[in-house]
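The values are calculated or read from the model by the stated rules, or taken from the named source; none is laboratory data. Computed from a predicted structure; not experimentally measured. So basically every Cβ, Gly included, is an ideal-geometry build from the backbone, and we count neighbours across all protein chains shown.
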């Protein structure tokens, strides 16, 4: 869920202090100085992605800094990647300094002091911030440190893909289900790590674990996108991703279930959700099953009962009864 926050809900004299408190709570304790505290305005939002967090803030020109004292006060121990989607901003940390326009990105470490500012041209700025726990970053910290407060232009190559992904996620992510948001969070971490590895140069190859993780998320997203296709099989998935069947199954080796079981479970989850929806009660069970890739009504009924201990018909009847206020 996207948690919206707006300074307009506060009295004008309190808006700047409100913003400083919100950022300190949502991102990390930070000291701010506004160009015009009396006329300050801001708004923001927060999206929980499971493996990461995504925040979006738009605000009037200001400067900020994070001191050793503020770090001692509170440190989420994260890498934070900022993407400017409107206006201008700059970040300075550990000898690096990045001036960013629209599409520009910069990385910082919450455990190290830094300074930043925005609105060098006098305009408001909007920034999307991806918060990644350090424990989830698959790249060595001594290498990641080389990229702190370095301009990452999101205009070409992998960086452009990452910038587009983060911008779209901030806009459309609130419409996704919690499970989809968890998947998108994993993808955001993977894409960021891959982008950073590329920025470190050809001598720094993304670790095999990262490459496998990224490929697994791509396969998982492919399954979700094609789940209604009755021809969706491990063989089709392997072919579309230029993998052997053996390599595809190896990709799922450390997952709770194999690729075929994943397809079956997601189809069943979709059917179960639709069977419980009052708006779809007039659709036949066979139509619901077909919409999620099941071609045989008999096989679907048997598979559903094995998974949930009840027939699709009885499950729907119970769901409808509960929706109508029955016992």
remark   = Across segment 67-93, the tally of residues that are exposed (fewer than 14 other Cβ atoms within 10 Å of the Cβ) and in a loop (DSSP other than H, G, I, E, B) stands at 2
ask   = Would it be correct to say that residue 300 is touching a residue at least 24 places away in the same chain (Cβ under 8 Å), in a helix (DSSP H, G or I), touching a helix residue (DSSP H, G or I) at 6+ places or on another chain (Cβ under 7 Å) and under 25 Å from residue 226 (Cβ atoms)?
value = yes
note = From the option list 54, 28, single residue qualifying as touching a strand residue (DSSP E or B) at 6+ places or on another chain (Cβ under 8 Å), within 15 Å of residue 126 (Cβ to Cβ) and not in a helix (DSSP H, G or I) is 54
ask   = Does segment 158-179 contain at least one residue that is surrounded by 14 or more Cβ atoms within 10 Å (Cβ to Cβ) and not in a helix (DSSP H, G or I)?
value = yes
note = Of those in segment 140-155 that are at pLDDT 85 or above and part of a loop (DSSP other than H, G, I, E, B), the residue farthest from residue 82 (Cα to Cα) is 155
task = Could you tell me whether residue 284 is out of contact with any helix residue (DSSP H, G or I) (no Cβ under 8 Å at 6 or more places or on another chain), without any contact (Cβ under 8 Å) to a residue 40 or more places away in the chain and not assigned by TED's automatic domain parsing to the domain that holds residue 139?
result = yes
ask   = Can you spot a residue in segment 141-148 that is surrounded by fewer than 19 Cβ atoms within 10 Å (Cβ to Cβ), out of contact with any strand residue (DSSP E or B) (no Cβ under 8 Å at 6 or more places or on another chain) and in contact (Cβ under 8 Å) with a residue 60 or more places away in the chain?
value = yes
